Each structure stands twice: as C-alpha cells, then as structure tokens.
Amino acid sequence: MAAGAASGGSATTDTYKESRFWLLLPAWVVLGIFVLAPVMMMLIYSFLTKEFRGGVIWELSFAAYDQFFCDRGLFGDEPCTIEWTYIQIFWRSIWQAGAATLLSLAIGFPTAYFIATRPESQRPLWVFLITIPYWVNLLIRTVSMKFLLRDQGPLNDALIGIGLLDSPLHIVNTNFAVQLGLFYSYLPFMVLPIYAAVERYNFALSEAAADLYATKWTTLRRILLPAVKPGVIAGCILVFVPSMGSFLAPDLLGGAKNFMIGSLIEEQFKGNAGNWPFGAAASMILLTMVLIILLIFARQQAKAEKEA
Amino acid sequence: MKQMLKTGVAALALSIAANAAAAEGKLVIYHWFEYMPQELLDKFTAETGIEVTMDTYDSNEAMLASLKAGAIGTYDVAVPGDYMVTIMAGEGLLDTIAEGELQNKGNIAPEWADPSFDPGRKHSIPYQWGSTSFSVNRDVYQGDINTTDILFNPPAELSGKINMLDSQGEVTAMASLHLGMEQCSTDREKLKALNAMLQEAKGHWASFNSDTAKEVLVSGDAAVGQIYDGFGAKAREEGANVEYAFPTQGYVVWMDNVVLLKDAPNRDNALKFLDFLLEPENIAAVSNFARYGAGVKGVSEFLDPALATLPEANPPADAGAGVFIEVCDEQTQAVYDQIWTNLKK
C-alpha cells in the first residue's frame, strides 16, 4: 500500500514540480494557523509566570512544571518529593480511555465486519444508520445516557421488571459509567476505519484458508486481522486520543469526584484555580505523551511491514 | 473594473454606516444561564428600541476567564456574584458609574446600597440575592437537617447519596462553617484539619455537579444536594419531597449584581438597562422567574405572593448567620487551591 502511494505520488510531483511551493502553501497556512500557532502558544504559556486569578505575566518561570512533578506539601514550603497527584490523574485517564477503546473495539469490529459483508448496495445505508445518533450534540447524548442508566432509569426498571435484579444496579457515578460514556461517544471512530479496511479485504483469501483446513478462528487471527490491522490501529487511536482528554463523560457520568486530565486542565482555566501556565503545562505533557504513543505505534507498524 | 471597485467601496462604506447606526441601538449582555426571562428583554426592547444580545456562562470563574482572555470590550454588562465583583474591580475590569448617571439608584434597598463587596455601589446594582445551603429528601431522612453534619458527617441513611456543588468557593465556605473556622484562614493547624475533614467527607459523597444540582434531587438520584435556595424551591415545586436546610452553624449568602464593564461598546444603553432593572416591576419579574430576592425597594406588590412565604427564602429563628464568600489573597488562596486539588485527585 505504501509503495503504491509513493509511486503514484512521484508522478504527481514531477508534473507539478515548478509550482509545488504554491500548491502546498494552503496546507501549510492551515497547519500553521490552526495547529502550530496554538501549540506554540501553549508551549510558551507553560513557561510563563502565573498571574493570580487567570492570565500570565511575561517572565520566564518553571513553576508550572515544578508543580506537576514536585510535591511541596499543603503549604508549598517543604522540600521537593515526587508528586503523585497528577501522575495518578494521568494514569486514571489512560486507564479509562484504554478500557473505552477495548470496549469500542469489541463492539466496533463485529459491527464493521457485519456492514462490510452486506451486499454492496446496502452498505451505505448501514453506515448512514451508524452516524444518525451522532447528529445530536455530544452533551445531550451524554445527559440522555445518564438518564438511561440511573437507579430509577429504564435500564434498571427493565432488569428488575424481568426479574434479573432485585435492587437497582448502581452504574451512574462509577468508572464503568465513564467508560460506557466514552465508548458511546467515540464508537463511530472505531467502526468507520475498520469498515473501510474490511471492505477492501479480499474474501477469497478467507475461502482459500478454509480450503486449506484452517478453522474460522485461525482464519480470523492469521488472515483477516493482519490484513485489516491498519484500520484497527487507526480506529484505536481515534478513540483513545479524544477519550483521554475528554471531560464531559467523566463529569456527568462519573460524578466528577476525581479529576481526569481533561477536567484538571479545564479547572485551570475555567475553575477557581485560574492557573493558566499550569493548564498549559499539563496540556503539553498530555500532548507529548500522545505523540510518544503514536510514535511507538508508527514504529511498530514500520517494523511489521519490513518483516512482511 | 474601476467602476466595479467604486461600487464596491461605496457598498462597503454604506454597510459600515449601517452597522454604526445599528450599534446605537444595541446592548450586549453577558449573563448566567436560565436567569433572565426573555419577556423582560422583549419589554426592554419595546420600551427603548435597543436590540439586546445575550451570551451566557455557567460560573463566575468561567466568566472572569473569558473576559481576561480578550472578551472585555465585547460586552456592556455582566452579572458577577458578590465576591467576583470585588475580584473584577481589583482586576480593573469594571467601569465606574458616576454619581447621578443612574436615575433609579435611589430604588436600591438600603441594606444593599453599600455592600462590603462594592462600597458605595460604584460599579454595580443588585440583581438577585439568596443563599446556598442544601436540600434533603424527606422520604429518605426524617431527622433534624439544620446542621452541616448532613453534608460532612451524614447519618447512614444519607451516606453515598450526596451531591455537592462542583465549586471550590461554595464547598470550602460551607466546610469552614462546619468546622467553625474563618474563611481565608492562615492558621496551619486549622487548614490541615479542613483538608482532613474534606477527605473524610468525600467518602460519603456520590458526585460533584452544579449544572444538574436540581435535577438529581428531582429524579431521586441524590437524597441530599448542596444547592441555591431558588433551585431548591424549584426542585420542591417540581414534585420532589425535599426540604431546604438552614444549618445552625450558618450558611452561605450571595448576591448577583449587574456591573458596568470597562470599555463597554454601548455604555449609554447599558446605563438605560441598569435603570430599567432598578424599576421594581421589572426586577420583580426576574424574582418571579428565578425565585430569589430582589434587593430593590417597592417590589413586594409585583411579586408572586407565593414568594413571600417561600420556605427557602425565610430562615427559621434558630438558623445560623448567613455569610458571604470571602476573597483571599494570593498566598492563602494557593493553599485552598491545593486542598481542592487534594479533594478531587
């Protein structure tokens, strides 16, 4: 696939060699304004001095990073020991986002497979059906979810009604509710890339495997999965990354008792703390972590392709 | 081509002129959500011909952050709470209302004419005032609720069924009343005790939520909810069997105020709007809608009669004192921020 793209690309570059700069300019301008500039601003702000109640003073300071990594006690005058608070918050977010990603994969993969194996004329309809709930605003969907899961909500009523439970299952204000909310928020980002990959898959390969006495499980594991792996990885990244920074689901479904990265950062700008440099520093650390995770994925991908 | 350019310039000039003309009749309000009846804005437009635009926010801090991030100069008026008026004045975000600029300034009720958060009412007029305490579901708990123990050291029936406001100021002020200590304390032992008490109390709480503070009480998801008195009244009117508590240890009192913002693009219209809100009939319409007190003389004849006997607005004789949230200095605030982070980590 990569080779195909490269050869196709080189033909294009030759044709437009003269005007390459001008043709790329719009893309660079868009990237510069909407990606580079905000990130640079964040980076700069994270090294500035905090102004009381929001805002920054233009003096170099490492206080934000110090606050992140150094525990100086309640009154801020003890010697530095390792600060676990924020590491714990980051770890919680990674864990929640990871669980939501696995949940999305478990439901999203069969769904994508199902759609891709429908007759070609029906597939657009199925994809359309997947996207319908997402026409509604995320906030409204999250609040609705809360009302469905409540102790006196329809789900518990139904479970008690059919005699499966005696007393309602507490789901709202638990970690599981957060994972469920994240899963529901980002499910299409899992389904669509996997669908695109499975749709391109040549099912004759599965038939050939079956002819060679491979079981269905072996065929899935050794033939289908490696072929659609790029789609699966793309889906996982698309679910994991926004889940990690999300604060709607944790606040509304998880009861906001514990900070997630997203709510911690939000608190620095919109909350009482008003500590912009610290919010920027936490964002930079989050960004760096995501970049590292993506790099690891990309390197493994490259390695796997080389071996193949 | 030249002709086209000329026409274009003319059109542009015309549209700028049109905009300027329209700007004379505009007012841009920055306000809390669900806090202003649309009919009242329509009435203002009908009386003055001024077209009103309103953006909303959901916390004092969010409003401050937005103004400091560059929205100052966009809005004419905002509606900060008591302590936020002090902060905004200190940040230089407020314009001064000169003596005589407001015709109806004399309508301000005497007890609100010279408040501690804005001495002499230089920047603000009263909007609504009320209290922050908590409501308890009487189906779940029948005992005495007029104590802060309900929030911080609850009986077994209520443990795990408590929703707190997701607001540092409201939670720590109430916690200070519970411990009988001053707000903005610098006493290390007391602060440590506050930190430890909150950590312990958190085990009894189900959630932190401000936006749905009323809904969780109505739906029964929470049996106790820290709440503003007006929201408590609305929860009761919507069918929840809840009672609003006035703890003997005290409770939080607040007042929201309409302030004139610095660099207001339509300053004259803003002043007209302030005068409009100081008319008893108009501010009474807000009280009837929001279920809070008005802070203006002569409103009683326009008020919904039910408001006069509203249990949420009439503390019993043995209630503790109502206190405003105080504004701490930077060093003290840093400790309270740390306590809040410890609570939510």
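Summary table
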| read-out | value |
| --- | --- |
| Those residues of the range B:289-304 which are surrounded by fewer than 22 Cβ atoms within 10 Å (Cβ to Cβ) and in contact with a helix residue (DSSP H, G or I) (Cβ under 7 Å, 6 or more places away or on another chain), in sequence order | B:LYS297, B:GLY298, B:PHE302, B:LEU303, B:ASP304 |
| Criterion (more than 13 Å from chain A (Cβ to nearest Cβ), at pLDDT below 95 and buried (at least 19 other Cβ atoms within 10 Å of the Cβ)) met by exactly one of B:ASP221, B:ASP229 | B:ASP229 |
| Qualifying positions in the range A:244-260 - in contact (Cβ under 8 Å) with a residue 40 or more places away in the chain and within 14 Å of chain B (Cβ to nearest Cβ) | A:LEU248, A:ALA249, A:PRO250, A:LEU252, A:LEU253, A:GLY254, A:GLY255, A:LYS257, A:ASN258, A:PHE259, A:MET260 |
| Residue tally, condition surrounded by 15 or more Cβ atoms within 10 Å (Cβ to Cβ) and touching a Leu at 6+ places or on another chain (Cβ under 9 Å), over the range A:193-208 | 5 |
| Among residues of the range B:308-345, those that are assigned to a helix (DSSP H, G or I) and either within 14 Å of another protein chain (Cβ to nearest Cβ) or crowded, with 20+ Cβ neighbours inside 10 Å (or both), counted | 17 |
| Subset of the range A:116-166 (residues that are hydroxyl-bearing (Ser, Thr, Tyr) and assigned to a loop (DSSP other than H, G, I, E, B)) | A:THR117, A:SER121 |
| Selection from the range A:32-65 of residues that are surrounded by 13 or more Cβ atoms within 10 Å (Cβ to Cβ) and within 13 Å of chain B (Cβ to nearest Cβ) | A:TYR45, A:THR49, A:LYS50, A:GLU51, A:PHE52, A:ARG53, A:GLY54, A:GLY55, A:VAL56, A:ALA63 |
| Selected residue (only one of B:ASP166, B:ASP211, B:ASP149, B:ASP187 is out of contact with any strand residue (DSSP E or B) (no Cβ under 7 Å at 6 or more places or on another chain) and within 10 Å of chain A (Cβ to nearest Cβ)) | B:ASP211 |
| Residues of the range B:100-156 classified as aliphatic (A, V, I, L, M) and assigned to a loop (DSSP other than H, G, I, E, B), total | 6 |
| Any chance B:LEU177 is away from chain A (no Cβ under 14 Å), in a helix (DSSP H, G or I) and either surrounded by 14 or more Cβ atoms within 10 Å (Cβ to Cβ) or among the aromatic types (Phe, Trp, Tyr) (or both) | yes |
| Filter result (more than 30 Å from A:PHE203 (Cα to Cα), more than 21 Å from the chain's Cα centre (by Cα) and hydrophobic (A, V, I, L, M, F, W, C)) within the range A:111-156 | A:PHE147, A:LEU148, A:LEU149, A:LEU155 |
| B:VAL85 vs. criteria in a helix (DSSP H, G or I), modelled with pLDDT of 90 or more and not basic (Lys, Arg) | yes |
| Test for A:LEU138: is it away from every other protein chain (no Cβ under 14 Å), of a type outside the set (Ser, Thr, Tyr) and in contact (Cβ under 8 Å) with a residue 40 or more places away in the chain | yes |
| Selection count, the range B:294-332, where residues are under 21 Å from the mean Cα position of the chain (by Cα) and touching a residue at least 40 places away in the same chain (Cβ under 8 Å) | 17 |
| The lone exception for B:LEU271 - which of (1) modelled with pLDDT of 95 or more; (2) assigned by TED's automatic domain parsing to the domain that holds B:ILE50; (3) over 30 Å from A:GLY55 (Cα atoms) it fails | (3) |
| Index of the failed condition, B:MET36 passing every other in (1) surrounded by fewer than 18 Cβ atoms within 10 Å (Cβ to Cβ); (2) more than 20 Å from A:ARG53 (Cα to Cα) | (1) |
| Residue within the range A:149-172 that is modelled with pLDDT under 90, touching a helix residue (DSSP H, G or I) at 6+ places or on another chain (Cβ under 9 Å) and closer than 30 Å to A:VAL290 by Cα present | yes |
| Hits in the range B:39-90 - residues which are hydrophobic (A, V, I, L, M, F, W, C) and more than 14 Å from chain A (Cβ to nearest Cβ) | B:LEU40, B:LEU41, B:PHE44, B:ALA46, B:ILE50, B:VAL52, B:MET54, B:VAL77, B:ALA78, B:VAL79 |
| Condition broken by B:ASN137, with the remaining ones in (1) within 14 Å of chain A (Cβ to nearest Cβ); (2) modelled with pLDDT of 95 or more; (3) touching a Ser or Thr at 6+ places or on another chain (Cβ under 8 Å) satisfied | (3) |
| Some residue of the range A:229-243 being within 14 Å of another protein chain (Cβ to nearest Cβ) and under 25 Å from the mean Cα position of the chain (by Cα) | no |
| Per-region count, the range B:94-107, residues buried (at least 20 other Cβ atoms within 10 Å of the Cβ) and either among the aliphatic types (A, V, I, L, M) or within 12 Å of chain A (Cβ to nearest Cβ) (or both) | 2 |
| Evaluation of B:ASN257 against (1) under 22 Å from B:THR148 (Cβ atoms); (2) in contact (Cβ under 8 Å) with a residue 60 or more places away in the chain; (3) surrounded by 18 or more Cβ atoms within 10 Å (Cβ to Cβ); (4) more than 12 Å from chain A (Cβ to nearest Cβ) (one fails), failing number | (1) |
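The values are calculated or read from the model by the stated rules, or taken from the named source; none is laboratory data. This structure is a prediction, so every number in the text was calculated from the model and none was measured. Cβ sites come from the backbone with ideal geometry, for glycine too, and all protein chains shown count toward neighbours.
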